[in-house]
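The values are calculated or read from the model by the stated rules, or taken from the named source; none is laboratory data. Values in this document were obtained by computation on a predicted structure and should not be read as measured data. Methodologically, a virtual Cβ is constructed for each residue, glycine included, from the backbone with ideal geometry; neighbour enumeration extends over all protein chains shown.
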Amino acid sequence: MTLLWIPLLSLLGSIISSMTGKLTRNQSTGLTLLMPITALLMTISLAPAVFSGEVIRSTFSWIPLLGIDIAFRLDGLALLFVFMILVIGILVIFYARYYLSSNDSMPKLYAYLMLFMTAMLGIVMSNNVIQLWFFWELTSISSFLLISYWWHKAEARNGAIMALTITGGGGLALLAGLLLLGNIVGSYNLDIILASRDIIQAHDWYEVTLILILLGAFTKSAQFPFHFWLPHAMAAPTPVSAYLHSATMVKAGVFLLARFYPALAGTDIWFIIVSLTGLATLLFGAYVALFKHDLKGLLAYSTISHLGLITLLFGLDTKLAAVAAIFHIINHATFKASLFMATGIIDHETGTRDMRKINGMWKFMPYTATLAMVAAAAMAGVPLLNGFLSKEMFFAETLHQQLLGSMSWLIPVLATIAGAFAVAYSARFIHDVFFNGDPIDLPKQPSEAPRYMRLPIEILVVLCLVVGIVPNFVIDDILKSASFAVLGGYVPEFEVSLWHGFNLPLLMSAIAVSGGLLMYTQRHYLFQFHASLPSLNGKKLFDNSISALTKWCQVKIHTIENGSLQRYLVLMFVVVLFFAGWPLFEMNQLSGQKPLTPVDVHNAMGAALLMIGAISTVIWYRTRVISLLMLSVVGLMVSIAFTRFSAPDLALTQLTVEVVTVILLMLALFFLPQNSPKESSSMRVLRDLGISAGLGIVIASICYALITRPLESISDFFLANAKTGGGGTNVVNVILVDFRGFDTLGEICVLGIAALGIYKLLINLPLYIPATDSEGRPWAKERYPVLLASISQSLLPLALLVSFYIFLRGHNMPGGGFIAGLVTAVAFILQYIAHGSNWIAERLTINYRKIIASGIAIALLTGVGSWFFGRPFMTTWFEYFDIPFIGEIELASALVFDIGVYITVVGSTLMILASLGKLTANEPANAPSKEVNI
Amino acid sequence: MELLYASSVGVLVSCGVFLILRSRTFPVVLGLTMFSYAVNLFLFSSGRLSLNQAAVLGTSTEYADPLPQALVLTAIVIGFAMTAFVVILAIRGRTDLGNDHVDGQVPDTKNHNNDNNNKVKV
């Protein structure tokens, strides 16, 4: 349980600190610090158990069916990282309190920092690799937020985007690798994966898995050639750089190497890839760092170089190399964090980070200078400091490897050269900044930093010294238990101490220090040489490839998606044609075993009328009124077809919908051009004819194949239960309001939404109303024929009565809410047509939106009602009552549901037609004609 | 009979698709309506064709399949709602854009009227 609390507290801290906007800076900092300090105390209480070799686990079942748990695990390696993340995190938060100017939002920085801390803690403590990956991505996202903290600066935004692209891309590779790994082992549990070394390394996918996981690690740790995002991430506030680029974010990559070391390392391919990448990064970073004029740029490349060193150590084939790697992780975190913080102070006090301007700071800030110089000496690997010890171990291990066969001596030589460069750039950091004459036109007059701003640096520098002088005393336990975890249970005998006697590594150190100092004194030649090199700019390469990719995508998208609906439709229809038509060619026989029914004259005539109607619609499609009339013939024939094939409910629905649709299209035609111009080329018409004929043939064949095969339907259930379970004999209606009532509820919602959408579309529509019809004749003066008006008025009660009847009998005979609703709507529409909407508005004030809402509410509440009787949603209740004089009648809750359907249908239909119809009523008699030329 | 039914569906599909591929909104709406007739008939036929069979319980021992009927019934109503929406969208489009072309602009005016983003090639 305690384990879960560590990341949880940090997450809580993120939330709390985001809400401290109204508090003073000290209060905000104090509240924020509370959580990680509690977490740190908890970790300390767990430490003795971990030191004694125990692995603490805690697992919470999440989706047991898929074997997915929320699992945490604390072993020596995780403990080391948790300590680093928390301790340096606390110091950074404290430091940021003094670093941020009053214009910067403190809660924002703290919330992001704590979120980032949560993500890091999650990575190092996960016992499930998918969960690990989740936190991994969370670090990418939160570091994006942190780097772009000063979002108003373009370099911050660009740096953040670049970091996210590179580390996010690596994260995807990592995910692929982890999924493969999980597949190989058969579990995503880290315990099981770490114990399955032999299975993994014997598997065919081992190489692919390894490369994918290494890609994740290398992008995160800024290894060559993915290093270039890190210098650009320096656009972040310095506390962020101190945290992300010393102890955490970039260390996540090397953590991954350490974490999977027991499972993945030990093969030739691991050693070759990891060591050569590390070596290249070590040399490249150390070399470039020397030439950076920006203080943070120097530190960034130095970080890259040190990460390369750690990676190289993991790639050397000796056990002690891994121990040295872990040791250097600790040391680098301490001296680099303090150096970043010191840089922050210098930047803060001088207003610049350009080393060509900052000189002679010793005079202005002796205290900070001393601290920075000690930390820089640790970076260079000077004796009595922690950096010296791990560098000594590193030199020793380069002598013991056999990676390059007979050329293995190259590695110690190159390592010494890199060491010399490290000394040179550290010397530059010390000499150029604190001595070397006087400052050159600084933006600010420098002075010593606030007392407490130096406190975090003091703590870290003291750590550097203590570890450097009495290593066994402070570092032994944690180093041994972390090595125990990395090496899978076996720790070689080693002793970290200051003095090993005169040996080869000491000689290498001496060469590095003296060579580095010599290099620094002769740096003018080096600078000249460097300036003459062609510059290889990673950022430019990145920018170019990103913009090329974007351009390529845009071209591709515009080819397919060029804004023409016709083209999209053609593409879609062709795809449908292909995929629907293909299986037909693989079928042996189109017709099935079912005996065919003979054709009678009526049906043949009906079908002929239907086809003639359809074809006429197409032939006269340019004369819109005629084509609409032809379409209505088709609709009528469809409803007759439903009657013929024993579906009276459908026939009634189709008939009423047909009436409503044709009225709607007539109304629409009033606002649209009366004719379609001839636009398509003959080729186009031919192509469209081909596509439509092909689709027609395919669909007809499928339809024929379907209906000539015997039916195995699930409808027997509905037939058997309609009366006994649903209380109705009209099975179609019982299905609608009872068996599949939930579907119907959804459908009336769609209807209501469509009506509301139309209402919204017609609001404030500056409609153009033609003054004459298409042939230039003025509209008839008598807009509402008397005959129609009087007949329709007398028809209204009758029509309402019919619809009521259709509604009531719906449960047992053809009818029901849908049909009754449409009939009612048609009756009202007739009134609109006969009298105009103004006449109706005088007599009837109806808010159709409220009607739709109440209809849906009634249907919904009927469904909810069954909960009160302890039944599932939408359970039907029905009972028969014997009422005197009337006889036995049935009352069912489904009837109430059907009322809801009825009301929704009436409301929606009337809303659609009345809103459109109303627009015609506003017609001014001689509207200014603004006929649009088409 | 089955052949006749299937070919009717096929003719409706063909006519519907042809109209949908036209360049002005009104024929497209007609095409959509026609196409939805075809789809409804097709779905309906998945219960097989049954002439003169009972639709209401208690009147016979053989019944037409009620399930496709129930599905098609709601499909008809929703089809209407969608047709209505498209029609109103067409009216709104014509008012706002000044023409009733499905792409929102008539091809002739497109070439000199717009940057290369809206190049229309079909």
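Some observations on this one:
- Subset of the stretch B:6-21 [at the interface with chain A (Cβ under 7 Å from one of its Cβ atoms), of a type outside the set (F, W, Y) and in contact with a Ser or Thr (Cβ under 9 Å, 6 or more places away or on another chain)]: B:A6, B:V9, B:G10, B:V13, B:S14, B:C15, B:V17, B:L19, B:I20, B:L21
- Tally, over the stretch A:654-691, of residues that are in contact with a Phe, Trp or Tyr (Cβ under 7 Å, 6 or more places away or on another chain) and either of a type in the set (G, A, S) or outside any helix (DSSP H, G or I) (or both): 2
- Residues of the stretch A:665-714 satisfying the condition of being more than 7 Å from chain B (Cβ to nearest Cβ), of a type in the set (D, E, K, R) and either surrounded by 18 or more Cβ atoms within 10 Å (Cβ to Cβ) or within 21 Å of B:C15 (Cα to Cα) (or both): A:K678, A:R684, A:R687
- Pairs, first at the interface with another protein chain (Cβ under 7 Å from one of its Cβ atoms) in the stretch B:31-53, second basic (K, R), C-beta under 8 Å, six or more apart: B:R48/A:K594; B:L51/A:R644
- Members of the stretch A:1-31 found to be in a helix (DSSP H, G or I), surrounded by fewer than 17 Cβ atoms within 10 Å (Cβ to Cβ) and over 30 Å from the mean Cα position of the chain (by Cα), listed by number: A:T2, A:R25, A:N26, A:Q27, A:G30
- Between B:L51, B:L89, the distinction of being surrounded by fewer than 24 Cβ atoms within 10 Å (Cβ to Cβ), out of contact with any Leu (no Cβ under 6 Å at 6 or more places or on another chain), under 23 Å from B:V9 (Cα atoms) and not aromatic (F, W, Y) belongs to B:L51 only.
- Residues satisfying the stated conditions in the stretch A:542-586, i.e. farther than 30 Å from B:D103 by Cα, over 26 Å from the mean Cα position of the chain (by Cα) and in contact (Cβ under 8 Å) with a residue 40 or more places away in the chain: A:L584
- Every pair of residues 6+ apart whose Cβ atoms lie under 6 Å, when the first sits in the stretch A:616-639 and is within 10 Å of another protein chain (Cβ to nearest Cβ) and in a helix (DSSP H, G or I) while the second is surrounded by fewer than 23 Cβ atoms within 10 Å (Cβ to Cβ) and aromatic (F, W, Y): A:S627/A:W620
- Selection status of A:K540, out of contact with any Gly (no Cβ under 8 Å at 6 or more places or on another chain), surrounded by 10 or more Cβ atoms within 10 Å (Cβ to Cβ), away from chain B (no Cβ under 14 Å) and part of a helix (DSSP H, G or I): yes
- Only one of the listed residues (A:L172, A:L100) is without any contact (Cβ under 8 Å) to a residue 12 or more places away in the chain, out of contact with any Phe, Trp or Tyr (no Cβ under 6 Å at 6 or more places or on another chain) and surrounded by fewer than 23 Cβ atoms within 10 Å (Cβ to Cβ). That residue is A:L172.
- A:L650 being in a helix (DSSP H, G or I) and under 50 Å from the mean Cα position of the chain (by Cα): yes
- Residue match in the stretch A:726-744 (condition: surrounded by fewer than 16 Cβ atoms within 10 Å (Cβ to Cβ), part of a helix (DSSP H, G or I), facing another protein chain (nearest Cβ under 8 Å) and at negative phi): yes
- On the stretch given as the stretch A:832-848, residues that are modelled with pLDDT under 80 and of a type in the set (K, R) total 0.
- Output for the stretch A:715-725, where each listed residue is of a type in the set (S, T, Y) and more than 8 Å from chain B (Cβ to nearest Cβ): A:T724
- Within the stretch A:730-746, the set of residues being without any contact (Cβ under 8 Å) to a residue 60 or more places away in the chain, hydrophobic (A, V, I, L, M, F, W, C) and more than 12 Å from B:L73 (Cα to Cα) comprises A:V731, A:F739.
- Subset of the stretch A:500-517 (residues that are in contact with a helix residue (DSSP H, G or I) (Cβ under 8 Å, 6 or more places away or on another chain), part of a helix (DSSP H, G or I) and of a type outside the set (S, T, Y)): A:L504, A:P505, A:L506, A:M508, A:I511, A:A512, A:V513, A:G515, A:G516, A:L517
- Index of the failed condition, B:P68 passing every other in (1) buried (at least 22 other Cβ atoms within 10 Å of the Cβ); (2) facing another protein chain (nearest Cβ under 7 Å); (3) not in a loop (DSSP other than H, G, I, E, B): (2)
- Scoring A:L77 on the criteria (1) in contact with a helix residue (DSSP H, G or I) (Cβ under 7 Å, 6 or more places away or on another chain); (2) closer than 24 Å to A:N189 by Cβ; (3) without any contact (Cβ under 8 Å) to a residue 40 or more places away in the chain; (4) among the aliphatic types (A, V, I, L, M) leaves a single failure, condition (3).
- A:F340 fulfils the conditions (1) under 41 Å from the mean Cα position of the chain (by Cα); (2) aromatic (F, W, Y); (3) farther than 27 Å from A:L526 by Cα except for a single criterion, (3).
- Taken together, the residues in the stretch A:375-393 that are farther than 17 Å from A:T303 by Cα and surrounded by 24 or more Cβ atoms within 10 Å (Cβ to Cβ) amount to 2.
- Hits in the stretch A:593-611 - residues which are facing chain B (nearest Cβ under 7 Å) and over 14 Å from B:S8 (Cα atoms): A:L596, A:T597, A:P598
- Test: residue in the stretch A:362-372 that is surrounded by fewer than 23 Cβ atoms within 10 Å (Cβ to Cβ), of a type in the set (K, R) and either more than 30 Å from A:D268 (Cα to Cα) or in contact (Cβ under 8 Å) with a residue 24 or more places away in the chain (or both): yes
- Condition check for A:L403: modelled with pLDDT under 90, in a loop (DSSP other than H, G, I, E, B) and on the phi < 0 side of the Ramachandran plot: yes
- Selection count where residues are of a type outside the set (S, T, Y) and touching a Lys or Arg at 6+ places or on another chain (Cβ under 7 Å), scope the stretch A:699-732: 4
- Here A:T920 passes the criteria (1) in contact with a helix residue (DSSP H, G or I) (Cβ under 9 Å, 6 or more places away or on another chain); (2) part of a loop (DSSP other than H, G, I, E, B); (3) modelled with pLDDT under 75; (4) not aliphatic (A, V, I, L, M) except the one numbered (2).
- Filter pass, A:T643 being among the hydroxyl-bearing types (S, T, Y), surrounded by fewer than 23 Cβ atoms within 10 Å (Cβ to Cβ), more than 9 Å from chain B (Cβ to nearest Cβ) and without any contact (Cβ under 8 Å) to a residue 12 or more places away in the chain: yes
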